[in-house]
Amino acid sequence: ELGPLGIWVLETVLTRKTSKDLIDTYNPAWGYLQPSELGLGAFSPNVRVIGNLPGLKRVYQGLDVVAHRSFGDRGRFQASYTYGDLRGNSEAGNVSSSSPTNTGFARIPSLAEDYRRGAYDGSLNEDVRHIFKSFGAFQVGYGLEVTFSATIRSGLHYTPVKRVSGNDVLVTSTERGSETLPWSRNLDLGIAWNGKAGPVALRVSLEAFNLTNAQPGVAVNNRIDGGNPSPSFTNYQQPRVLQLGFRAGV
């Protein structure tokens with residue numbers, strides 16, 4: 001039997017993950033390799049080539065600190081902080097000597113903006129540096145259970161781009177990930193009743209996801225056409241959702 005203060009447990013995890021020589025879809029329309037170098041005939045806009053990209057890498061380094069507290073069969077509370085650093089490059093080898101540009105990463109989202117730029121090695125736009133999370137589940141008597149989950153995370157990075165020959169390219173003299181989206185906040189709450197009707201176990205629950213309806217969408221003006229910014233993408237988050245559940249089992 002646990003005391004009234006429960007038991008605290010602190011955990012720390014360091015993570016490093018490296019992926020190299022990735023496989024991707026290459027689009028000859030973007031001009032990194034000539035169709036003849038790919039063993040193709042005349043150019044077709046519908047052609048896609050799947051192949052190995054030697055030298056392409058992704059490296060993730062992270063730190064997780066988690067504190068959780070158990071109250072026996074009465075409940076549990078957990079809080080955590082995560083720091084992440086996601087890096088990668090656009091150096092993929094096998095590029096035509098007549099086109100000394102970035103190689104066949106054409107459909108990798110984090111590098112699609114690097115069209116015809118010099119080789120890149122650094123932070124990626126998918127990088128989320130800071131995440132704070134907390135979670136709790138508590139038995140409050142009369143078969144009632146209350147749960148909550150809260151998350152606060154730093155915004156994704158993005159880069160100003162401009163339109164050139166039908167493609168989005170990095171604005172001259174800008175650095176990748178020089179702009180960031182707003183921090184994101186989310187709160188979920190739930191209440192459930194657990195009981196029995198003879199041999200049948202019953203559960204009725206009501207859950208609210210993104211209770212405060214925080215940041216359902218943020219338009220980002222990252223494309224510059226003729227000096228006038230225009231919305232290029234939107235940072236969506238799930239809007240408020242209410243969910244009613246019923247479960248019966250033997």
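A compact table of results
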read-out	value
Computed accessible area, R58, all protein chains, 1.4 angstrom probe, square angstrom	40
Qualifying lysines (Cα of each under 16 Å from Cα of K162; at least 8 residues distant if same chain)	none
Whichever lysines have a C-alpha closer than 23 Å to that of K196, once near sequence neighbours (fewer than 8 apart) are set aside	none
Anchor K57: lysines whose Cα lies under 25 Å away (excluding residues fewer than 8 positions away in-chain)	K17, K20
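The values are calculated or read from the model by the stated rules, or taken from the named source; none is laboratory data. Being a predicted model, the structure only gives us computed values, none of them experimental. Surface accessibility is based on the protein's heavy atoms, side chains included, excluding ligands, DNA and RNA. Shrake-Rupley method; radii C 1.70, N 1.55, O 1.52, S 1.80 Å.
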